[in-house]
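The values are calculated or read from the model by the stated rules, or taken from the named source; none is laboratory data. Remember, predicted model here, so these are calculated numbers, not experimental data. With ideal geometry, Cβ positions are generated from the backbone for all residues, glycine too; neighbour counts draw on all protein chains shown.
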Amino acid sequence: MLLNPRPCPRRRPARRWRAALLASAVSVCLLAATAPAQPLGVGDRLFPYLGNPGYDVASYDLSLTYGGTNDKPLEAVTTIDAWTTADLDRINLDFAHGTVKSVQVDGRPATFTSAGEDLVVTPDRPLHEDSWTRITVKHTSEPVAAKDQDGGWVQTSDGLAMANQADAAHLVFPSNDHPSDKAMFTFRVTAPNGYTVVANGVPAGKDRVGDSTTWTYRTQHPMATELAQVSIGRSAVVRREGPHGLVLRDVVPSADRKALEPWLAKTPDQIAWLESKVGRFPFETYGVLMAQASTGFELETQTLSLFEKHVFTEPAYPQWYIESIMVHELSHQWFGDSVSPRTWSDVWLNEGHATWYEALYAQEKAHKSLDDRMKAAYGSSDRWREAGGPPAMPKGPAPGQKISIFRPNIYDGAALVLYALRQEIGGPAFERLERTWVQEHRDSTASTADFVRLASTVAGRDLNGFFKAWLYGDKTPPMPGHPDWKPTEPAKEAKAGKGRARK
Ligand SMILES: [Zn+2]
């Protein structure tokens with residue numbers, strides 16, 4: 001995700017802050033069916049109620065029917081195939097917005113209730129550990145945000161798109177809504193004729209029946225729920241070929257197709273540039289979705305990154321800046337999507353790397369000095385740590401702040417850690433580490449500890465002490481090779497950051 005510099009009009013609920021404070025109260029123990037239903041989580045420090053214990057989802061099959069207006073709920077069926085990792089009297093799913101009409105477990109009707117942001121399902125007979133189960137939920141999917149809820153469906157001027165990071169997929173569909181449980185996805189979206197639907201992955205069917213059409217898409221790689229994307233709109237799909245025959249498809253408002261083409265045409269070279277740094281693009285396809293919406297951020301939804309259209313038409317943004325944010329979201333396809341964070345405290349691995357390649361691209365293509373940017377970041381880093389926590393121990397969502405774990409400490413503050421690492425181990429070892437990281441953890445999840453381990457292996461020495469100081473320290477350690485870099489006064493920071501046009 002990349003926040004853009006405009007103020008965000010919406011607010012995050014205080015309720016989630018209280019939930020964060022209750023972290024220690026959440027346990028992963030599974031209760032007998034006679035006990036009251038309660039929300040469970042997988043123990044994420046920042047989002048204690050996200051995800052659920054006792055099963056591992058292999059696939060989601062989402063059927064959605066869009067009626068042509070954004071003020072009415074979509075009819076939906078979510079089918080989940082999961083492998084049980086414990087005996088279960090109950091199955092908790094994350095689902096917090098929408099009406100559940102029925103639930104079946106392995107073809108038999110099940111009872112259900114809600115507890116917190118969980119849908120708690122009781123099958124008619126308990127499930128045994130190490131077995132497959134299929135959960136089918138008939139429900140509505142609500143495009144109108146509830147009071148105090150952010151994310152999920154994004155209303156555009158001509159339809160809908162999705163923005164689920166970090167904790168909002170379960171506002172759209174019942175799920176195990178944590179990036180540690182990736183799964184395959186099939187989307188079957190029915191919309192009135194005249195609309196175009198595009199989702200993550202590749203097309204797997206288009207059936208026109210009467211006045212509506214059902215569009216089917218399938219992912220060819222596992223995906224975290226937070227990275228799901230479904231675009232429904234009066235859109236054009238623009239196709240072209242990327243490096244080594246990679247199929248690219250962009251989704252833009254039909255009326256703007258021509259005007260946006262110069263931006264769309266940049267993607268193949270950007271992919272080639274990133275491949276020269278970190279290796280092959282990790283997915284089956286890529287493209288940008290330019291939505292007529294005002295989200296306040298851009299988002300790396302897997303194989304189809306979400307951008308606000310106005311980012312490309314707003315004359316205030318210089319061309320190099322727009323290109324660098326395209327590269328930011330593109331680099332997330334490797335860092336964040338293919339390699340997902342094990343917990344949300346590991347999100348610096350997403351944003352630090354995306355910011356790193358964003359800045360490196362700006363240096364190589366537009367002569368914007370990486371050293372200057374990192375020196376400015378060094379000047380601010382102590383203040384960022386104080387406000388948001390050290391990069392690998394970020395503070396929880398704050399009241400009244402939208403998507404508030406996404407603070408500067410995990411963007412330029414974390415790119416600064418990568419810069420320090422490159423200073424410490426040298427360019428060749430750093431580049432080897434980057435390539436090995438995305439290769440070893442491809443289609444999987446990885447943690448900060450995994451990164452520290454691999455960096456130590458690649459560098460041939462124990463880097464635990466280095467990372468402990470840089471990732472978890474309240475104060476920024478001295479920069480290797482730049483003993484003159486010092487924290488700056490806030491006034492100087494404002495001057496150094498001027499022209500960067502980002503938060
Ligand atoms: Zn990002």
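What to note about this one:
- The single condition among (1) outside any loop (DSSP other than H, G, I, E, B); (2) of a type outside the set (Asp, Glu); (3) modelled with pLDDT under 95 that Trp437 does not satisfy is (3).
- Among the residues making up region 393-408, those that are within 16 Å of the ligand (Cβ to nearest atom) and not basic (Lys, Arg) are Pro394, Ile403, Ser404, Ile405, Phe406, Pro408.
- Pairs are defined by a Cβ separation below 6 Å, a sequence spacing of at least 6 or placement on different chains, a first member in region 386-400 that is more than 23 Å from Arg342 (Cβ to Cβ), and a second member that is not hydroxyl-bearing (Ser, Thr, Tyr); the pairs so defined are Pro399/Ala14; Pro399/Trp17; Gly400/Arg11.
- Qualifying residue in region 339-359 (condition: more than 18 Å from the chain's Cα centre (by Cα) and not β-branched (Val, Ile, Thr)): yes
- Selected residue (only one of Leu360, Leu370, Leu349 is modelled with pLDDT of 95 or more, closer than 19 Å to Gln423 by Cα and away from the ligand (no atom under 16 Å from the Cβ)): Leu370
- Boolean, Gly336 is among the small types (Gly, Ala, Ser), modelled with pLDDT of 95 or more and within 11 Å of the ligand (Cβ to nearest atom): yes
- Which numbered condition Gly152 fails, given (1) over 19 Å from Leu306 (Cα atoms); (2) in contact with a helix residue (DSSP H, G or I) (Cβ under 6 Å, 6 or more places away or on another chain): (1)
- For the condition acidic (Asp, Glu), assigned to a strand (DSSP E or B) and at pLDDT 95 or above, Asp81 qualifies.
- Residue in region 380-391 that is more than 23 Å from Leu227 (Cα to Cα), assigned to a loop (DSSP other than H, G, I, E, B) and at pLDDT 95 or above present: yes
- Residue count for region 46-72 satisfying the condition of being of a type outside the set (Ser, Thr, Tyr), surrounded by fewer than 17 Cβ atoms within 10 Å (Cβ to Cβ), part of a loop (DSSP other than H, G, I, E, B) and on the phi < 0 side of the Ramachandran plot: 3.
- Qualifying residue in region 10-23 (condition: within 30 Å of Glu314 (Cα to Cα), at pLDDT below 95 and either crowded, with 16+ Cβ neighbours inside 10 Å or in contact with a helix residue (DSSP H, G or I) (Cβ under 9 Å, 6 or more places away or on another chain) (or both)): yes
- Total residues in region 247-286, condition within 20 Å of Gly201 (Cβ to Cβ), charged (D, E, K, R) and part of a loop (DSSP other than H, G, I, E, B): 2
- Residue within region 268-275 that is more than 23 Å from Ala76 (Cβ to Cβ), surrounded by fewer than 21 Cβ atoms within 10 Å (Cβ to Cβ) and aliphatic (A, V, I, L, M) present: yes
- Top-ranked residue of region 287-315 - restricted to ones that are part of a helix (DSSP H, G or I) and without any contact (Cβ under 8 Å) to a residue 60 or more places away in the chain, ranked as surrounded by the most Cβ atoms within 10 Å (Cβ to Cβ): Phe312
- Test: residue in region 463-480 that is buried (at least 16 other Cβ atoms within 10 Å of the Cβ) and at pLDDT below 95: no
- On the stretch given as region 294-331, residues that are more than 12 Å from the ligand (Cβ to nearest atom) and under 19 Å from Leu349 (Cβ atoms) total 1.
- Residues in region 481-496 that are of a type in the set (D, E, K, R) and at pLDDT 95 or above: Asp484, Lys486.
- Gly194 being at positive phi and surrounded by fewer than 19 Cβ atoms within 10 Å (Cβ to Cβ): yes
- Scanning region 84-126 for residues that are among the acidic types (Asp, Glu) and assigned to a loop (DSSP other than H, G, I, E, B) yields Asp87, Asp89, Asp106, Glu117, Asp124.
- So Phe185, is it touching a strand residue (DSSP E or B) at 6+ places or on another chain (Cβ under 7 Å), of a type outside the set (D, E, K, R) and in a strand (DSSP E or B): yes
- Among the candidates Ala259, Ala236, residue that is touching a helix residue (DSSP H, G or I) at 6+ places or on another chain (Cβ under 8 Å), farther than 21 Å from Gly336 by Cα, surrounded by fewer than 16 Cβ atoms within 10 Å (Cβ to Cβ) and free of Cβ contacts under 8 Å to residues at least 60 places away in the same chain: Ala259
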